[in-house]
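The values are calculated or read from the model by the stated rules, or taken from the named source; none is laboratory data. Note that the coordinates shown come from a computational prediction; the quantities given were computed from them, not determined experimentally. Neighbour counts run over all protein chains shown; Cβ positions are idealised from the backbone, glycine included. Quick note on the areas: whole protein, heavy atoms, side chains included, nothing else; ligands and nucleic acids left out. Shrake-Rupley method; radii C 1.70, N 1.55, O 1.52, S 1.80 Å.
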Amino acid sequence: MRVLSEQDENLCVSMYLKGDTLETVRSFFKINLKRILEVFKVRGVKIRNRKTDLNIEYFKEINSPEKAYWLGYIAADGCVHRHRGTVSIASKDADILPKFQKAIGASSPVRYRETFDQRTKKTYGAYSIQICSKQFADFVRAQGIDENKSKNFQFPTHLPRDLWVHFIRGMFDGDGGLMIRGNVTNINIVSTLEGAIFLRDFVKNTLNLT
């Protein structure tokens, strides 16, 4: 069992008191729940009722532009963990994750962390949210967005065709880019080979663009 330092224990307590769930704290420190509860007992931390606000069935059926957009965002820049039963996404934009949080009715907190990159010698900040619910994660996976999406992603053609553009919007905001050189505009979206080919053909056939 991993031994927590006093600093770790302080952070553990701080995270929980600021609103993180027991599962989020446990996952962050990669220790079992029993150890977390022992720390809280010694420090007199009262355990909250384990009711967490969340629309668990939000992704059960993709029947609106908003749902298609967020599914696309997760496909581009999210993480789905089947065994942990979690869905997490990150963004450098301070506004995007509170909108996602509101859309799914989640009480899970949006957190901000800075990471120092040894290669560039710069510090980068990002916002993140983690949803700890196996059912919620299973509904996302059922829509074709799995934990191996970086290798196995294929465009979810089972979605209503009029929602495809909204899914693509989410992919672009999650991991896309825009470059303008003179009169030429390039729109880039990162995907698997299969996903990229589908997007290329869809744009060509629908918008007559190359």
Notebook entry, point to check: Quick one: if the Förster radius is 41 Å, what FRET efficiency do Ser107 and Val165 give, using the C-beta to C-beta distance and rounding to 0.05?
Noted result: 0.85
Next item on the list: With an 8 Å cut-off on Cα pairs and a minimum separation of 6 or more residues, tell me the relative contact order of the chain in percent.
Entry: 22
Note to self: Let me check I've understood the local charge: for Thr115, count other residues with C-beta under 15 angstrom from its C-beta, Lys and Arg +1, Asp and Glu -1. What total comes out?
What the structure shows: +4
Notebook entry, point to check: Ignoring ligands, DNA and RNA, what percent of the accessible area of the chain is carbon or sulfur (1.4 Å)?
Noted result: 50
Check: Okay, which of the range 59-84 sit inside 13 Å, backbone N to the point 7 Å along the Cα-Cβ direction of Gln135?
Finding: 59-60
Notebook entry, point to check: Which of rounded, prolate, oblate describes the chain, given a ≥ b ≥ c as roots of the alpha-carbon gyration tensor eigenvalues and a/c under 1.5 marking rounded, otherwise prolate only if a/b is larger than b/c?
Noted result: prolate
Checklist line | Listed peptides 91-97, 10-16 by packing density, highest first (mean Cβ within 10 Å) | finding: 10-16, 91-97
Check: In the neighborhood of Phe59, defined by Cβ-to-Cβ distances under 12 Å, what is the net charge if each Lys or Arg adds +1 and each Asp or Glu adds -1?
Finding: -1
Note to self: Under 5 Å between amide hydrogens, which residues at least 5 positions from Arg82 or on another chain qualify, with H placed 1.01 Å from N in the peptide plane?
What the structure shows: Glu147
Margin query: Once R0 is set to 30 Å, what does the formula 1/(1 + (r/R0)^6) return for the Cβ-Cβ distance between Glu57 and Glu6, expressed as a FRET efficiency to the nearest 0.05?
Written below: 0.10
Check: Measuring with a 1.4 Å probe in the full set of protein chains, what accessible area per residue, in whole Å², belongs to the range 68-210?
Finding: 60
Next item on the list: Output the pairs from Lys122/Lys149; Lys46/Lys102; Lys60/Lys134 with a Cα-Cα distance over 18 Å in this structure; if there are none, say none.
Entry: Lys122/Lys149; Lys46/Lys102
Note to self: Through the Karplus equation 6.51 cos²θ - 1.76 cosθ + 1.60, θ set to phi - 60°, convert the phi angles of the range 32-42 into ³J(HN,Hα) values in whole Hz; use x for Gly and Pro.
What the structure shows: 7, 5, 4, 5, 4, 5, 5, 4, 5, 5, 5
Checklist line | Inter-label distance, nm, simple model (7 Å from Cα along the C-beta direction), Lys41/Phe28 | finding: 2.2
Checklist line | Shape of the range 98-210, Cα gyration tensor, a/c cut at 1.5 | finding: oblate
